[in-house]
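Engineer: First the structure, which I've put down as structure tokens, then a few questions once you've had a look.
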Amino acid sequence: FTISAASRVGTGNVTGVALAIGIGGPGAVFWMWVIAVIGMATAFIESALAQVYKVRDGNTFRGGPAYYMEKALGLRKLGIVFAILLTLCFGFIFNSVQSNTISQS
């Protein structure tokens, strides 16, 4: 749960808000709200697609972006590339960014 929450909230978001307000002033808050609305809409669409295109695997279900790339778009190779890149990014890049932000602060 903590890894999942950290990937959504992240230290970059906490330091990013402080940095944006510090550099951009009060107007930065407005643009953060605009981007937040767009981000909520895309998160909702992504979650809805994952529910629509999930598949039954025995007593459990499987789904996610790679599945709806294959089922909805018919691009299995794109789903495979996405899954590989996501695994590499979570394993190396995302953790490195957060540890760098923590060490810099």
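The values are calculated or read from the model by the stated rules, or taken from the named source; none is laboratory data. Keep in mind the model is a prediction, meaning the values are calculated, not measured. Using ideal geometry, Cβ is built from the backbone for each residue, glycine included, and neighbour counts are taken over all protein chains shown. Each accessible area value is taken on the protein alone, full model and side chains, heavy atoms only, with ligands, DNA and RNA left out. Shrake-Rupley method; radii C 1.70, N 1.55, O 1.52, S 1.80 Å.
Engineer: Please determine, by comparing only the residues of region 13-54 that are aromatic (Phe, Trp, Tyr) and assigned to a helix (DSSP H, G or I), which one is least open to solvent (accessible area, probe 1.4 Å). Reasoning before the result, please.
Structural biologist: So the first thing to find is which residues in region 13-54 are aromatic (Phe, Trp, Tyr), and the list is 30-31, 33, 44, 53.
Checking the rest, the ones that are also assigned to a helix (DSSP H, G or I) come to 30-31, 33, 44.
On the way: Phe30: 119, Trp31: 158, Trp33: 173, Phe44: 147 Å².
Taking the candidates together, the pick is Phe30.
Engineer: Show the residue pairs meeting these rules: Cβ distance below 9 Å; 6+ apart or different chains; first residue within region 32-47 and farther than 19 Å from Ala66 by Cα; second residue of a type in the set (A, V, I, L, M, F, W, C).
Structural biologist: Met32/Val17; Met32/Ala20; Met32/Ile21
Engineer: I'd like the full set of residues that are open to solvent by 80 Å² or more (accessible area, probe 1.4 Å) and of a type in the set (Phe, Trp, Tyr), limited to region 56-105.
Structural biologist: Phe61, Phe90, Phe92, Phe94 - these are the residues of region 56-105 that are open to solvent by 80 Å² or more (accessible area, probe 1.4 Å) and of a type in the set (Phe, Trp, Tyr).
Here is a yes/no grid of residues against (1) in contact with a Lys or Arg (Cβ under 6 Å, 6 or more places away or on another chain); (2) of a type in the set (Val, Ile, Thr); (3) under 24 Å from Val9 (Cβ atoms):
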{"position": "Gly24", "(1), (2), (3)": "no, no, yes"}
{"position": "Trp31", "(1), (2), (3)": "no, no, yes"}
{"position": "Ile35", "(1), (2), (3)": "no, yes, yes"}
{"position": "Ser47", "(1), (2), (3)": "no, no, yes"}
{"position": "Tyr53", "(1), (2), (3)": "yes, no, no"}
{"position": "Met69", "(1), (2), (3)": "no, no, no"}
{"position": "Val81", "(1), (2), (3)": "no, yes, no"}
{"position": "Ile102", "(1), (2), (3)": "no, yes, yes"}
